[in-house]
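A short write-up of the structure that comes next.
Coordinate-derived values only; no laboratory data. Treat the numbers as computed from the prediction; the structure is a model and nothing was measured. All Cβ positions, glycine included, derive from the backbone under ideal geometry; neighbour counts span all protein chains shown.
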Amino acid sequence: MGGGAPIFYARGAEEQYEVALLLAKVLGAAVHDLHNGVLVIVRH
Amino acid sequence: MSHIFNLVTATTAGFLARLYMLRRDYRQYPSYPQGWAIHLFVGFIGAAIGAVIVPAVIEKEYAAVSFLILAASQFREVRSVERDTLEAMESTELVKRGTAYIEGIARVFEARNYLAIWVSLAVAVAARLWPGGVFGNLAVCSLVGLAMAALLSRLMHGDRVGDIAEVELAELQFDQALLKVEDTVLMNVGLETARAVYRERGLAAKIIPKGPNAKATLANLGQMQAIAHDVSAMIGVYMDVGEQEFIPLVRRNPSSGCLYLVMVPSEDDPDAFLTAIRRVPVLEGAVRKPLTSVAGKMLD
């Protein structure tokens, strides 16, 4: 795993969505699903 | 003194023509009193220039005519002023107009001053040539002014999306996180809550170009952004600042040339949605006509 983006671990799907939503709101960004259990938050 | 009647009628006609053209674009540009004052005054100057040309030629004041033509070139400023204003306001728009649309609007505002000059010039010529009395002259001037304004605004009237494409409702669906319309992927929506909003309130439309010319025109990125902006402006968009998931999107199917528009409108009214898309102007800078080229005809 490389690159400079911070990674946040979550204990389950529910916490993962919660953290993603909070981060997206804070950053004014959009959440995208990579379909492998990873959500990526991108500010377009 | 003999020129006063001529000047007043022609200037008034040009000014009224500018006023008429200003009334026609309330949707394209938010109407606001200061903007009206600016454009009416600039239009008045244009009308006066058109009106003065005829007496200047009659009096053989050719230097004056040259100066008047020089003055007309100042209207180019109008375009850059409009462009600057709209670009400055762009950051305040939830859905951006895009540079192509801004350029189109700026060009229209410049061109309308030239139309005011043409109208007042035509009326000035008519007023000079008509031999009858004052009332007959006024009637002829009104007719010429009306005909000229109608003709010019008809010639300047561009197409709308509904003229070059069929617009119909389409069904949006999710393949896991991928938002799709038919087989075209529009975006990846990661949050289930956002997907639920799309399923519940989202609308999708398919824009099918009528022929190769329309296909090439609709492929312009500026035209696609203009559709997203104008539809949002007309029917409202269900989003707040920073909610990037809900920014209206226009995407293109490369094989068919169809456009897909997906958005969450503030009111769920499919008819208004389709009507709004049909009424989006086709940008002058986006128009392409591949069928007029030899290579384009070979492909058709």
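Quick check on chain B: helices-only [θ] at 222 nm, where DSSP H runs of length 4 and up contribute -39,500 (n - 2.57) each and the sum goes over total residues. Nearest 500, please. Please report the intermediate quantities before stating the final value.
Details: 12 runs with 179 residues, N = 300.
Roughly -19500 deg cm²/dmol at 222 nm, from the helical runs in chain B.
When the Cα atoms of the stretch B:2-156 are enclosed in a convex hull and the volume is divided per residue, what value in Å³ results? Show your work: numbers first, answer last.
Values: hull volume 16.7 nm³, N = 155.
Taking only Cα atoms, the stretch B:2-156 has a hull volume of 108 Å³ per residue.
Summarise the long-distance tail of P(r) for the protein assembly as shown by giving the % of C-alpha pairs beyond 28 Å.
Details: 33274 of 58996 pairs.
Cα-Cα pairs in the protein assembly as shown separated by more than 28 Å: 56 percent.
Evaluate the distance, in nm, between pseudo-label points positioned 7 Å from the Cα of A:Val26 and of B:Ala150 along their respective Cα→Cβ axes.
It works out to 6.5 nm between the two label points.
With unit charges on the beta carbons (Lys and Arg positive, Asp and Glu negative) and the dipole taken about the Cα centre of chain B, which residue among B:Ile105, B:Ala219, B:Trp130 sits farthest to the positive side?
B:Trp130
Starting from the Cα-Cα distance between B:Asp240 and B:Asp183, subtract it from 0.36 nm times their residue separation and give me the gain in nm to one decimal.
Working: separation 57, 0.36 × 57 = 20.52 nm, distance 2.87 nm.
17.6 nm is the gain from fully extending B:Asp240 to B:Asp183.
Counting other C-beta atoms within 10 Å, which of B:Asp271, B:Asp163 has the fewest, and how do the rest follow? Intermediate results must be reported in sequence, preceding the final value.
Details: B:Asp271 8, B:Asp163 12.
The most exposed by this proxy come first: B:Asp271, B:Asp163.
I'd like the FRET efficiency for B:Leu169 and B:Lys96, computed as 1/(1 + (r/R0)^6) with the beta carbon distance as r and R0 of 30 Å, rounded to 0.05.
On the way: r = 25 Å, r/R0 = 0.83.
Taking R0 as 30 Å, the efficiency between B:Leu169 and B:Lys96 is 0.75.
Charges at C-beta only: +1 for Lys and Arg, -1 for Asp and Glu. How large is the resulting dipole of the stretch B:188-241 about its Cα centre, in Debye rounded to 20? List each step's numbers first, then the result.
Numbers: 6 positive and 4 negative charges, 63 e Å.
Dipole magnitude for the stretch B:188-241 comes out near 300 debye.
Please report, in debye to the nearest 20, how large the charge dipole of chain B is about its Cα centre when each Lys and Arg carries +1 at its beta carbon and each Asp and Glu carries -1 there. Write out the running numbers ahead of the final one.
Details: 29 positive and 31 negative charges, 234 e Å.
The dipole of chain B has a size of about 1120 debye.
Modelling each spin label as a point 7 Å along the Cα-to-Cβ direction, I'd like the B:Val8/A:Glu15 distance in nm, to one decimal.
It is 8.5 nm.
Hey, got a sec? Which trypsin sites (Lys or Arg not before Pro) in the stretch B:151-225 land in a DSSP loop and have at most 16 other Cβ atoms within 10 Å?
Details: sites: B:Arg154, B:Arg160, B:Lys180, B:Arg195, B:Arg199, B:Arg201, B:Lys206, B:Lys210, B:Lys215; in loops: B:Lys210.
Here the trypsin sites (Lys or Arg not before Pro) that fit, given the DSSP loop and packing criteria, are B:Lys210.
Could you tell me the calculated FRET efficiency between A:His44 and B:Arg199, based on Cβ-Cβ distance and R0 = 30 angstrom, to the nearest 0.05? List each step's numbers first, then the result.
Details: r = 22 Å, r/R0 = 0.74.
Computed FRET efficiency for A:His44 and B:Arg199 comes out at 0.85.
If you take the Cα Rg of the stretch B:161-299 and divide it by 2.2 N^0.38 Å, with N the number of residues, what do you get? If you can, show how the numbers build up before the last one.
Working: Rg = 15.4 Å, N = 139, 2.2 N^0.38 = 14.3 Å.
For the stretch B:161-299, the normalised Cα radius of gyration is 1.07.
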